Amino acid sequence: MKKVGIDSLSYYVPSLYVDIEELAFARDIPSEKLVKGLGLKKMATPDFDEDSASIAANSLYRLIKENNINPKKIGRVYLGTESGIDASKPTSSYVVEILEDIFANEYGERCFKNCDIVDLTFACAGAVDALQNCCDWVRNGKNRQAIVIASDIAKYELNSSGEYTQGAGSVSMLICEDPSIISFNGAWGVSTKGIGDFFKPRRIFKKSNILIEAAKLFGKEVSVNEAENLLNISDSKFWSDSNDLVEVYKEEPIFEGQFSNESYKERVYEAIENFNEQNQRDILSDWENIIFHLPYAYHGRRMIVNKWMDWMKENNQLDKIYSEIGNPDSPEDKDWIKKVSKSDIYKSFIKDKISPGEKASSEIGNMYTASIFMSLISSLVEAYEKNKKFENKKIGFISYGSGSKAKIFEGTIEKDWIRKTKPIKLFENLENRKKVSVDIYEKLHKRKISSNINNNDGIIKLFKISDGEFTEGLRNYRKY
């Protein structure tokens, strides 16, 4: 079977961030809970004029420029996101339109003319779906090249339990034969179950009720009949619309944290079993690193502890745990499980296998679909900086999308990974971002700021939203 995988990659993270300790103080949360408990340090925050399309366009622009990729040779641009900006027109079409304009002089007009583009949405797993799809497409053709983009903005209600896990960013990857960085072996463990652990519904409001509530702000009482009569005679564009209901879409999800955590574990454990049915692995010894989707930096290490004990049992190493912390009182001894998670032997496993992928998450926060791929970049950069012998090592990937689905897959580090990793400078770039106060962050969150905070020369950003008769709501971008 031919080798197919990631030949090159690039990323974009907004240049603004919130300090987690400052946010913890503002929310009256002990900072130790967020910093030491969840591994959070900084939270990437989009500027006023950034959205999932501009963020995606920046990572793709960098991928093309840094690797001298000819867009005319790309057959697919598949984008995974759950932060779509249009209910019909895919975000990828905005991205391609932006870059065709930017690269018109270099590669000619409509340089993506023969490229298939599409968005894939399955919560945080959408870009993994795009990766699998594009790997299969490349493998089943000859000299095919595809680009996979993961781009998202994780946004929660202010003062909610998810607020401090927010983040934003994008990763773009070139998928081809004989890749320089990592190849995938073609086995994909899958587990699915339709649930409601996290979702973004259209909120529905009756128009007459909106009018009644608006009147109260002026100290007026309006009855239902009066409200409906006013709506019937109104000639305003909003109030006279024939639809009796107003549908409101919000980026902030409805979610049940503990339920989602349990679903993550259940789907991942089931998907690991499915992966092993196809490709049996002794994960403790066969996987050099484990790359997780990380809603927060320490999520993977918290979710995998029970499965780690299964792996220890399979390797006849449970006695090492017992000798350090003693035996459990029962198979369901939760206090003992907590001791296991804090034991030196488990911490050693985390240090060797998991923590390299956590470092970027601590500095950025949740990137939804891009989280797992930023974890890969973090692991590659860590390995390069520590002069690690990474070539031919197997890397395990554990992805999860609420709703729910998990996918487990495996990659092998290829011989040219150092050359492609050296220029990334991930942590140096993250150090050069601009800190914003909690007050400014809250205004950005509420969309109460109408000009950008950081100019960012050379960055692609939202330029305007059209308001014409046939263009109302259409987004326009430009590179500054």
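Only the coordinates and a few stated rules stand behind these numbers; no lab work does. These figures come from a predicted structure and were not determined experimentally. Don't worry about glycine lacking a Cβ; one is built from the backbone with ideal geometry, like all the others, and counts go over all protein chains shown.
Per-residue ellipticity at 222 nm, computed for the chain from helices alone with -39500 (n - 2.57) per DSSP H run of at least four residues, works out to -11000 deg cm²/dmol.
Residue exposure proxy: Met303, Met1, ordered by other Cβ atoms within 10 angstrom of their Cβ from fewest to most, comes out as Met1, Met303. Computed packing ranks the peptides 424-430, 137-143 as 424-430, 137-143, most packed first, by mean other Cβ atoms within 10 Å.
Taking other residues whose beta carbon is less than 12 angstrom from the beta carbon of Val436, and scoring Lys, Arg as +1 and Asp, Glu as -1, yields 0. For a 31 Å ceiling on Cα separation, which of these pairs sit above it: Lys72/Lys443; Lys353/Lys425; Lys73/Lys394; Lys155/Lys206? In this structure, Lys72/Lys443 lie more than 31 Å apart at Cα.
Counting DSSP beta bridges in region 1-119, what percent are antiparallel, to the nearest 5? Of those bridges, close to 50 percent are antiparallel.
The stretch between Glu228 and Asp335, if pulled fully straight at 0.36 nm per residue, gains 32.6 nm over its current Cα-Cα span. Give me the base-10 log of I(q)/I(0) for region 202-249 at each q in 0.13, 0.14, 0.27 Å⁻¹, Debye formula, one uniform scatterer per Cα, rounded to two decimals. Log10 I(q)/I(0), no solvent term: -0.28, -0.33, -1.06. May I ask you to list the GluC sites (Glu not before Pro) in region 189-237 that are in a DSSP loop and have at most 15 other Cβ atoms within 10 Å of their Cβ? Passing both the DSSP loop test and the Cβ count: Glu221. Local charge for Asp286 was computed over the other residues whose Cβ lies under 9 Å away, with Lys and Arg +1 and Asp and Glu -1, and equals -1.
For the chain, relative contact order (Cα pairs under 8 Å, six or more residues apart, normalised by length) works out to 24 percent.
For region 20-101, the Stokes-Einstein estimate of translational diffusion at 25 °C and a viscosity of 0.890 mPa s comes to 157 µm²/s, using the Kirkwood hydrodynamic radius over alpha-carbon pairs.
Annotation: the antiparallel percentage among DSSP beta bridges lying fully within the chain is about 75.
A Förster radius of 25 Å, combined with the Cβ-Cβ distance separating Asn276 from Tyr322, puts the computed FRET efficiency at roughly 0.50. Taking square-rooted eigenvalues a ≥ b ≥ c of the alpha carbon gyration tensor, is the chain rounded, prolate or oblate, where a/c under 1.5 means rounded and, failing that, a/b exceeding b/c means prolate? Oblate.
Label point of Arg447 set 7 angstrom out along Cα-Cβ; within region 72-96, amide nitrogens under 17 Å from it belong to 83-88. Qualifying chymotrypsin sites (Phe, Trp or Tyr not before Pro) in region 222-295, where qualification requires a DSSP coil assignment and no more than 12 other C-beta atoms within 10 Å, comprise Phe238.
Using a/c under 1.5 as the rounded threshold, could you call region 186-296 rounded, prolate or oblate? The axes a ≥ b ≥ c are square roots of the C-alpha gyration tensor eigenvalues, and prolate needs a/b larger than b/c, oblate otherwise.
prolate
Only Cα sites of region 1-148 enter the Debye sum here, all with the same form factor; the resulting log10 I(q)/I(0) across q = 0.10, 0.11, 0.15, 0.21 1/Å is -0.45, -0.53, -0.85, -1.33, listed in q order.
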